[in-house]
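Since the structure comes first, as structure tokens, the remarks are kept for the end.
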Amino acid sequence: MAPPARPSLTLFLALALGALAGCAPSAVGPMVMRLGPGSAQQRMLQAGIRTGPRLSAPIAGTVPSVGTDDRFRGDDASFSTQQWGLAFDAAMTWPLTERLHLHTGLQGEMFLPLPVPGYGVYAGMSYYIGSESLGFAPSLAVRGASDFGISSSKGGPGSMAGAEATCALTFSPESGVSVGLVPFVAVHTLSSHGVSNGSLYYGGVVAARFTWGWLDTLELSGGFGRAKVGDSTSWNVPIVGVRGGR
């Protein structure tokens with residue numbers, strides 16, 4: 001009888017299979033949510049999980065995901081992971097002035113035990129107008145993400161590059177608590193199977209940020225978006241997110 005595989009080899013094989021069964025990148029958004037003026041001196045690191053559409057799914061068409069007969073089905077299956085994904089999201093806010101902040105972020109698809117393709121990066125700027133308790137913050141961000149052409153990826157293969165505009169309307173009822181309404185609109189160029197197309201993704205979320213336990217901030221968000229790819233394909237997108245910050 002052959003000896004059992006060593007744990008290190010088993011883990012390596014599991015990760016290799018996970019990479020081969022990766023996920024097309026999700027368009028997590030809004031990319032920038034500035035809920036209040038924020039600190040003028042201190043950087044803020046946030047990390048958590050957010051959701052968004054796999055915009056390449058309609059172009060990938062009927063290519064099945066690994067181990068399932070799932071397909072792109074639009075509004076008939078808004079939570080189908082073939083067209084909607086959960087992604088690890090890590091973001092850093094860098095104050096440039098009291099009102100002007102730089103936002104950067106990294107994304108990795110949530111395919112345990114490790115995030116596997118697709119991966120993405122984004123960066124943007126926001127400008128806060130208002131007081132400590134009430135204001136709004138328009139922002140503009142750019143994004144790029146890809147699953148590096150993995151033909152068996154869920155909702156892919158797919159790559160995207162684009163830009164997003166938001167304007168967060170925020171209210172702080174007390175110190176350490178901020179709530180806001182964040183509408184957004186994003187345009188992307190997509191590619192899959194050697195085919196390129198454009199997309200429009202728009203919607204809005206309600207978000208709240210407050211101090212919780214050892215975290216400086218806990219951010220919760222939820223809402224809906226609408227994704228449109230090409231001239232004819234569009235579908236509803238549930239948006240949820242949770243991030244902790246320090």
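The values are calculated or read from the model by the stated rules, or taken from the named source; none is laboratory data. Since the model is a prediction, treat every value here as computed from it, not as a measurement. With ideal geometry, Cβ positions are generated from the backbone for all residues, glycine too; neighbour counts draw on all protein chains shown.
Of note:
- Scope the range 207-246; condition of a type in the set (Lys, Arg) and within 19 Å of the chain's Cα centre (by Cα); matching residues: ARG209, ARG226, LYS228, ARG243
- When the range 128-157 is filtered for residues that are in a strand (DSSP E or B) and buried (at least 23 other Cβ atoms within 10 Å of the Cβ), the ones remaining, listed by number, are ALA137, SER139, ALA141, ARG143, ALA145, LYS154.
- Among (1) of a type in the set (D, E, K, R); (2) over 20 Å from the mean Cα position of the chain (by Cα); (3) crowded, with 16+ Cβ neighbours inside 10 Å, the one test that GLU109 misses: (2)
- Candidates in the range 165-180 are the residues that are at pLDDT 95 or above and either small (Gly, Ala, Ser) or in contact with a Lys or Arg (Cβ under 7 Å, 6 or more places away or on another chain) (or both); of these, the one that is surrounded by the fewest Cβ atoms within 10 Å (Cβ to Cβ) is ALA165.
- Here LEU215 passes the criteria (1) over 20 Å from LEU134 (Cα atoms); (2) modelled with pLDDT of 95 or more except the one numbered (2).
- The residue that is surrounded by the fewest Cβ atoms within 10 Å (Cβ to Cβ), among those in the range 112-126 that are in contact (Cβ under 8 Å) with a residue 24 or more places away in the chain and closer than 18 Å to MET92 by Cβ, is VAL121.
- Sole residue being at positive phi and either of a type in the set (Phe, Trp, Tyr) or at pLDDT below 95 (or both), chosen from GLY155, GLY108, GLY118, GLY130: GLY155
- Some residue of the range 143-156 being aliphatic (A, V, I, L, M) and either without any contact (Cβ under 8 Å) to a residue 40 or more places away in the chain or in contact with a Lys or Arg (Cβ under 9 Å, 6 or more places away or on another chain) (or both): no
- Looking only at residues of the range 181-198 that are of a type outside the set (Val, Ile, Thr), touching a strand residue (DSSP E or B) at 6+ places or on another chain (Cβ under 7 Å) and farther than 21 Å from SER126 by Cα, we find that the one that is surrounded by the fewest Cβ atoms within 10 Å (Cβ to Cβ) is SER196.
- From the list GLY38, GLY22, GLY124, the one residue that fits, being closer than 30 Å to SER175 by Cβ and modelled with pLDDT under 95, is GLY38.
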